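Q: Sharing a structure here in structure tokens format.
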Amino acid sequence: MAKKLSTDAYKGVRDFFPADMAIENKIFDIWRSVSEKYGYEEYNASVLEPADLYRAKSGEEIVNEQTYTFTDRGDREVTLRPEMTPTVARMVAARKRELIFPLRWFSIPNLFRYEQPQRGRVREHWQLNVDIFGVESLAAEIEVINMAYDITRAYGLKDTDFEIRLNSRKLMNYILRDMFGLDAEISRKVSKLVDKKDKLPADVFNSEIEKLLSVKAAEFLALLNSKNLTDLSAKISGKSGVNNASEIQTIIDGLANLGIKNVRFDPTLMRGFDYYTGIVFEVFDLNPANRRSVFGGGRYDDLLALFGNEKVPAVGFGAGDVIARDLMETYGTLPPALASADIAICVVEEKNTLFALEVASELRDEGNRVSVDLSGKKLGDQISKANKRGVAKVICIGDEEVKTGQYRVKDMKTGAEEEIG
RNA sequence: GUGCCUAUGGUGUAAUGGUUAGCACUAGAGCUUGUGGAGCUUUCAGUUCGGGUUCGAAUCCCGAUAGGCACCCCA
């Protein structure tokens, strides 16, 4: 006897049974319809990419430890894409001369990461990726954040349920490099620490900062603890620093003008990746059950230069399916289960099946979703099953119907029957 | 990758180291001969896997696997 195979899905990935798929499709529908409303075009690519695409940007360590990477039979190193941004940058760079800018593109790729699974974190997930290429002005940020806002609302959250947090890479770099004169190494460490600020006890955070900044620590902490953007601007020396801060204000004002008021400057918002060059933002659920980033994105003006082209300004964000589902569960906005058919046709005796299929075909031509019961069971069981599946209407086909060509449609809610022929 | 917690039919659960691992739901079969949602009868199905301790293990120990939590990382 062969050993029985396990029915479990591979570690960290999900099976989508029909009930799950209905939810997944609902999420995709939201993503697609909002993206299309903003005039974005859909694209896609293979899950396989040359490993070098990620090495160039993320470094050897991330590729080796955080991705699915293997060597194919032709000795090529292949990676299952862990994110979409390098792919879209590659595609845009490839056709740069023939594309019409500004370019508005979106995609719903599945992405793979080799990591320890836990709640909200799996090895394969689906993510909406939205990018706009070729716009230097902050209007690009305002537009994509507006989209992120619309999508969050479509998940069923109210303005008071979530918050849009903004920061600027330029501003943080200015503060760390120019104001405090830190080298790349130290400012990287400080950035990581600041990113973790909310997770650490205040005294631990402060003493870690002191270790890195010594005498300048107090000044830095004062800056970080600014009440708001104006407060922070007042403490910044130098014109370009103030300009960087005013960019954030422009976004806040622009969004407020669109009626989006739950926006907040957050100097501790860092975002992990190096390729961001300007504004970075996240959408955060305020519900304590779910304190995770719902969306994250920002401006990355330099990424296309990796492909030898001149720079193309770009702003984009990503939104994951796992958090989307968790949010809908938390806020009770999951779509109701829908019946798989509008009409069920029950067959009294098996010899009536052919006529039943004919009736079904006609009804489908009229736009109905119709399923014919092929179980060969007794009529009562067939009707009972249709009812359990939530089908709204039932037609029974027996000898009499075959003979006359007439049949009755029964409404399962009211019990009323209507003669059709 | 590291540490901690958890693991009983498909689902949810019960079982002082000692009966044949119990219950509910679901699923299958049957009972009322062409109109259901009920009831009754009945069947299938489980201690995650591999070792160990013990007269005896779902229960204790070790390892593996999976899930959760924290770290790491966050695309």
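Any read-out appearing in this document is the output of simple, stated calculations on the displayed coordinates, not a laboratory observation. Small disclaimer: the values here were computed from a predicted structure and weren't measured. No Cβ is skipped: glycine too gets one built from the backbone with ideal geometry, and neighbour counts run over all protein chains shown.
Q: Taking chain A as the reference, fit the longest principal axis to its C-alpha atoms, fit the long axis of helix A:239-257 to the helix C-alpha atoms, and give the angle between the two in degrees, 0 to 90, nearest 10.
A: The two axes meet at around 30 degrees.
Q: Would you mind ranking A:SER226, A:SER207, A:SER168 so that the residue whose beta carbon has the fewest other beta carbons within 10 Å leads the list?
A: A:SER207, A:SER226, A:SER168
Q: To the nearest Å, what is the center-to-center distance of segment A:102-139 and segment A:380-421, using C-alpha atoms only?
A: 47 Å
Q: Let me ask something else. Label-point separation (nm) for A:ASN206 and A:LYS385, each offset 7 Å from Cα along Cα-to-Cβ?
A: 7.1 nm
Q: In whole Å, what is the distance between the alpha-carbon centres of segment A:146-188 and segment A:218-252?
A: 13 Å
Q: Taking only Cα atoms and a 10 Å spring cutoff, compute GNM fluctuations for chain A and point out the largest among A:ASP15, A:ASP399, A:ASP321.
A: A:ASP399
Q: If you fit an axis through the alpha-carbon atoms of helix A:139-154 and take the longest principal axis of the Cα set of chain A, what angle between them do you get, 0 to 90°, nearest 10?
A: For A:139-154 against chain A, the angle is about 40 degrees.
Q: With axes computed from alpha carbons, what is the tilt in degrees of helix A:184-195 against the longest principal axis of chain A, rounded to the nearest 10 within 0 to 90?
A: Value to nearest ten degrees: 50.
Q: In chain A, what percentage of the DSSP-assigned beta bridges are antiparallel, given to the nearest 5? Show your work: numbers first, answer last.
A: Numbers: 46 of 59 bridges.
Antiparallel: roughly 80 percent of the beta bridges in chain A.
Q: Between A:GLU115 and A:TYR68, 0.36 nm times their residue separation minus their Cα-Cα distance comes to what?
A: Length difference between fully extended and current span is 16.0 nm.
Q: Per residue and in Å³, how big is the convex hull formed by the alpha-carbon atoms of segment A:1-48?
A: Details: hull volume 6.3 nm³, N = 48.
Cα-based convex hull of segment A:1-48, divided per residue, equals 131 Å³.
Q: Further, regarding this structure: Count the net charge of all other residues whose Cβ sits under 9 Å from the Cβ of A:PHE112, scoring Lys and Arg as +1 and Asp and Glu as -1.
A: Combined, the nearby Lys, Arg, Asp and Glu give +2.
Q: Tell me, in nm to one decimal, what length is gained between A:ASP29 and A:LYS403 on full extension, where the rule is 0.36 nm per residue of separation less the Cα-Cα distance?
A: Working: separation 374, 0.36 × 374 = 134.64 nm, distance 4.50 nm.
This chain segment gains 130.1 nm when fully extended.
Q: Return A:ILE151, A:ILE420 ranked ascending by Cβ neighbour count within 10 Å, so the fewest neighbours appear first.
A: Fewest-to-most Cβ neighbours within 10 Å comes out as A:ILE420, A:ILE151.
Q: Next up: Can you tell which of A:ARG364, A:ARG188, A:ARG292 shows the greatest fluctuation in a Gaussian network model of chain A with Cα springs below 10 Å?
A: Among A:ARG364, A:ARG188, A:ARG292, the largest mean-square fluctuation in the Gaussian network model of chain A belongs to A:ARG364.
Q: From the square roots a ≥ b ≥ c of the eigenvalues of the alpha-carbon gyration tensor of segment A:343-420, which class results: rounded (a/c under 1.5), prolate (a/b over b/c), or oblate?
A: rounded
Q: Count the net charge of all other residues whose Cβ sits under 11 Å from the Cβ of A:LYS393, scoring Lys and Arg as +1 and Asp and Glu as -1.
A: Net local charge, A:LYS393 excluded: 0.
Q: Turning to a different aspect of this structure: May I ask you to list the aspartates and glutamates whose Cα is less than 20 Å away from that of A:LYS197, ignoring any residue fewer than eight positions away on the same chain?
A: Correct list for A:LYS197: A:GLU163, A:GLU185, A:GLU208, A:GLU210, A:GLU219, A:ASP231, A:ASP266, A:ASP274, A:GLU282, A:ASP285.
Q: Taking K and R as +1 and D and E as -1, what net charge do the other residues with C-beta under 11 Å from the C-beta of A:THR333 add up to?
A: Summing Lys and Arg as +1 and Asp and Glu as -1 gives +2.
Q: Counting DSSP beta bridges with both partners in segment A:343-420, what percentage is antiparallel, nearest 5? Before the final figure, lay out the partial values.
A: Values: 7 of 15 bridges.
Here the share of antiparallel DSSP bridges comes out near 45 percent.
Q: Between A:ASN257 and A:LEU334, what is the label-point separation in nm under the 7 Å Cα-to-beta-carbon projection?
A: 4.2 nm
Q: Same structure, new question: Using r as the Cβ-Cβ distance of A:GLU418 and A:MET21, and R0 as 35 Å, what FRET efficiency do you calculate, to the nearest 0.05? List each step's numbers first, then the result.
A: On the way: r = 33 Å, r/R0 = 0.94.
That pair, A:GLU418 with A:MET21, gives E of 0.60.
Q: Per the helix-only calculation at 222 nm, which mean residue ellipticity applies to chain A, given -39500 (n - 2.57) for every DSSP H run of n ≥ 4 and division by its residues, nearest 500 deg cm²/dmol?
A: Taken over chain A, the calculation gives -11500 deg cm²/dmol.
Q: Taking the alpha-carbon distance from A:LYS378 and a cut-off under 28 Å, which lysines remain once sequence neighbours fewer than 8 residues away in the same chain are dropped?
A: A:LYS351, A:LYS388, A:LYS393, A:LYS403, A:LYS410, A:LYS413
Q: Could you calculate the FRET efficiency of A:LYS199 with A:THR7 from 1/(1 + (r/R0)^6), where r is the beta carbon distance between them and R0 is 41 Å, rounded to 0.05?
A: 0.60
Q: Between A:GLU358 and A:LYS37, how high is the FRET efficiency from 1/(1 + (r/R0)^6) when r is the Cβ-Cβ distance and R₀ = 56 Å? Nearest 0.05.
A: With R0 = 56 Å, the Cβ-Cβ based efficiency is 0.85.
Q: Going by C-beta contacts inside 10 Å, put A:SER187, A:SER214, A:SER384 in order with the fewest on the left.
A: Least to most surrounded, the residues fall as A:SER214, A:SER384, A:SER187.
Q: Residues of segment A:229-248 with the amide nitrogen closer than 19 Å to a label point 7 Å from the Cα of A:ALA139, along Cα-to-Cβ, please.
A: A:247-248
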